[in-house]
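Enquirer: Sharing a structure, written as structure tokens. Questions coming.
The values are calculated or read from the model by the stated rules, or taken from the named source; none is laboratory data. This structure is a prediction, so every number in the text was calculated from the model and none was measured. Don't worry about glycine lacking a Cβ; one is built from the backbone with ideal geometry, like all the others, and counts go over all protein chains shown. These accessible areas exclude ligands, DNA and RNA; they are computed on the full protein's heavy atoms, side chains included. Shrake-Rupley method; radii C 1.70, N 1.55, O 1.52, S 1.80 Å.
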Amino acid sequence: MVISKKQEIIKQRAIKHGLLFIKRNSTIRSVAKETGFSKSIVHLDLHRLKEIHPDLYSEVVNKMNFNFSVKHIRGGNTMKMKKKERMNKNDSK
């Protein structure tokens with residue numbers, strides 16, 4: 001089976017996204033921002049790892065499941081901080 005240059009580039013990009021996702025303990029959004037690709041491309045690349053690099057894929061899936069399980073907590077903390085900032089701005093007026 002011959003792998004084209006484009007397929008090889010996609011394969012390497014998927015591995016790079018997977019390694020960044022795991023090593024930096026980050027989110028799909030932060031990997032996308034750091035690499036300049038869309039969240040959709042990063043997400044697709046992470047799922048491509050199932051065929052390319054199964055061991056890395058299993059780590060990525062575990063991390064994605066963890067991120068999904070704490071998403072509501074992170075969102076709540078963010079809203080709490082924004083509300084506090086707005087309150088501080090209103091108090092200083």
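Enquirer: Being among the hydroxyl-bearing types (Ser, Thr, Tyr), buried (at least 16 other Cβ atoms within 10 Å of the Cβ) and not in a loop (DSSP other than H, G, I, E, B) is the filter here; which residues of region 24-64 pass it?
Expert: TYR57
Enquirer: Still on this structure, please answer the following. LYS71 versus (1) at pLDDT 95 or above; (2) surrounded by 11 or more Cβ atoms within 10 Å (Cβ to Cβ): which is the lone unmet condition?
Expert: (1)
Enquirer: What are the residues in region 12-38 that are free of Cβ contacts under 8 Å to residues at least 24 places away in the same chain and within 15 Å of PHE68 (Cα to Cα), if any?
Expert: Within region 12-38, SER26, ARG29, SER30 meet the criteria.
Enquirer: For region 1-23, give me each residue that is open to solvent by 80 Å² or more (accessible area, probe 1.4 Å) and either polar (S, T, N, Q) or under 9 Å from the mean Cα position of the chain (by Cα) (or both).
Expert: Within region 1-23, GLN7, GLN12 meet the criteria.
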